[in-house]
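A short write-up of the structure that comes next.
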Amino acid sequence: LDEPLPAIAMGDEIGQLALSFDGMRLSLKEYIKNLAEATAARERIEFELKLAHTIQADFLPLPIDPAQRSRFDLYALMEPAREVGGDLYDHLLGADGRLTILVGDVSGKGVPAALFMAVTITLFRNVMEDSSSPAETIARLNRALCDNNKSRLFVTAFCAVFDPATGELRY
């Protein structure tokens with residue numbers, strides 16, 4: 001496709017056919033170039049989404065040491081429908097032995113929801129440490145998420161605090 005056709009007199013049918021073939025050659029060459037660029041862009045996006053999936057998985061909490069959780073079992077699994085999404089969960093075992101859990105879902109799908117999920121978990125970890133109840137934790141988290149939220153994304157969430165010493169679950 002890189003070699004131009006030889007010059008042919010343009011006055012007859014053979015000349016018009018040669019001109020059509022040359023136009024087809026140039027169109028095919030342009031199509032192949034565009035296809036290669038689109039394929040490269042798609043592969044780059046797929047790579048970035050796989051990387052985003054890995055980063056999102058890194059936000060998930062590590063299992064609690066069995067020695068620290070003798071009075072309860074905790075198990076969670078997250079499999080997003082797409083490479084990344086807005087599903088979230090977190091758990092934190094406090095120095096007092098109480099377990100705080102957050103399970104939620106960000107409105108929307110894909111990368112925006114995944115970014116908002118990461119922000120939500122980060123803010124949750126910050127606000128829950130100083131909170132005295134799940135209600136206070138959620139109220140503080142809600143205020144923090146509403147600040148400068150021009151995207152208008154939101155989180156539907158469940159928060160609970162379990163005290164293994166008493167068996168009490170506050171939510």
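For the reader, a short list of remarks on this structure follows.
- Identity of the residue in the range 114-146, open to solvent by 50 Å² or more (accessible area, probe 1.4 Å) and among the hydrophobic types (A, V, I, L, M, F, W, C), that ends up farthest from the chain's Cα centre (by Cα): Ala135
- Residue that is modelled with the highest pLDDT [pool: residues in the range 147-171 that are of a type in the set (A, V, I, L, M) and loosely packed, with under 15 Cβ neighbours inside 10 Å]: Leu169
- Flag if Leu74 is assigned to a loop (DSSP other than H, G, I, E, B), open to solvent by less than 80 Å² (accessible area, probe 1.4 Å), without any contact (Cβ under 8 Å) to a residue 60 or more places away in the chain and more than 23 Å from Thr166 (Cα to Cα): no
- From the options Ala95, Ala67, Ala9, Ala18, residue that is surrounded by 12 or more Cβ atoms within 10 Å (Cβ to Cβ) and either part of a loop (DSSP other than H, G, I, E, B) or modelled with pLDDT under 85 (or both): Ala18
- Restricting attention to the range 45-64 and to residues that are outside any helix (DSSP H, G or I) and exposed (fewer than 12 other Cβ atoms within 10 Å of the Cβ), the residue that is farthest from the chain's Cα centre (by Cα) turns out to be Pro63.
The values are calculated or read from the model by the stated rules, or taken from the named source; none is laboratory data. All values reported here derive from a predicted model rather than from experimental measurement. Virtual Cβ from ideal backbone geometry, glycine too; neighbours counted across all protein chains shown. SASA here: full protein model, heavy atoms, side chains in, ligands and nucleic acids out. Shrake-Rupley method; radii C 1.70, N 1.55, O 1.52, S 1.80 Å.
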